[in-house]
1. Any residue in the stretch 97-114 that's under 17 Å from H37 (Cβ atoms): show its pairings with residues that are acidic (D, E) and surrounded by fewer than 14 Cβ atoms within 10 Å (Cβ to Cβ) at Cβ separation under 7 Å, as long as the two are six or more apart or on different chains.
2. Which numbered condition trips up P94, out of (1) surrounded by fewer than 11 Cβ atoms within 10 Å (Cβ to Cβ); (2) closer than 24 Å to R34 by Cβ?
3. Filter the stretch 83-110 down to residues that are in contact with a strand residue (DSSP E or B) (Cβ under 9 Å, 6 or more places away or on another chain), more than 14 Å from T50 (Cβ to Cβ) and either assigned to a strand (DSSP E or B) or among the acidic types (D, E) (or both), then give me how many there are.
4. Looking at L70, L27, L32, L5 in this structure, which one is hydrophobic (A, V, I, L, M, F, W, C) and modelled with pLDDT of 95 or more?
5. Quick one: would you say I62 is more than 16 Å from R34 (Cα to Cα), in a helix (DSSP H, G or I), modelled with pLDDT of 95 or more and β-branched (V, I, T)?
6. Mind checking whether some residue in the stretch 68-78 is within 28 Å of E31 (Cβ to Cβ), surrounded by 14 or more Cβ atoms within 10 Å (Cβ to Cβ) and touching a strand residue (DSSP E or B) at 6+ places or on another chain (Cβ under 6 Å)?
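The values are calculated or read from the model by the stated rules, or taken from the named source; none is laboratory data. Only a predicted model underlies this, so the values are computations on that prediction, with no experimental measurement involved. In this analysis, Cβ positions are derived from the backbone assuming ideal geometry, glycine residues included, and neighbour counts consider all displayed protein chains.
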Amino acid sequence: MARALAHGRKQLKAADAPRERPPARALELPELDRLIHERIRLGIISALATNASLSFKDLKRILKTTDGNLSVHARKLEEADYISCLKYFEARVPRTEYHLTSAGRRALTQYLDQMEQWIRLTRDK
């Protein structure tokens, strides 16, 4: 059996041996805003960038997420002053409406610029 295995092996010549590769060059990629980079938060900011305001219900439907998930992510964006939240009652029904702040619009613009740079750098390789 050992003989059959040895017979089936191919001997490598020096020319066939794997060559050492030069170390990979690291790309200088811009740092992305981790707060916006998460899918639901990016969705919230993007939706608000194209609408003057959106209700909690609208965002939930657009992003196809749960109440709890949307609440947590919206709160993080609120704490960063990327979005503002207005709570009110309409015929005794609580309503929540979100708006993109100027800081949020600047953060989104910077994030998109950084992503475009990532795309250019990786496509050029």
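1. Hits for this filter: A103/D81.
2. (2)
3. Residues meeting the conditions: 10.
4. Result of the check over L70, L27, L32, L5: L70.
5. Considered against the rule, which asks whether it is more than 16 Å from R34 (Cα to Cα), in a helix (DSSP H, G or I), modelled with pLDDT of 95 or more and β-branched (V, I, T), I62 comes out as yes.
6. Yes, the stretch 68-78 contains a residue that is within 28 Å of E31 (Cβ to Cβ), surrounded by 14 or more Cβ atoms within 10 Å (Cβ to Cβ) and touching a strand residue (DSSP E or B) at 6+ places or on another chain (Cβ under 6 Å).
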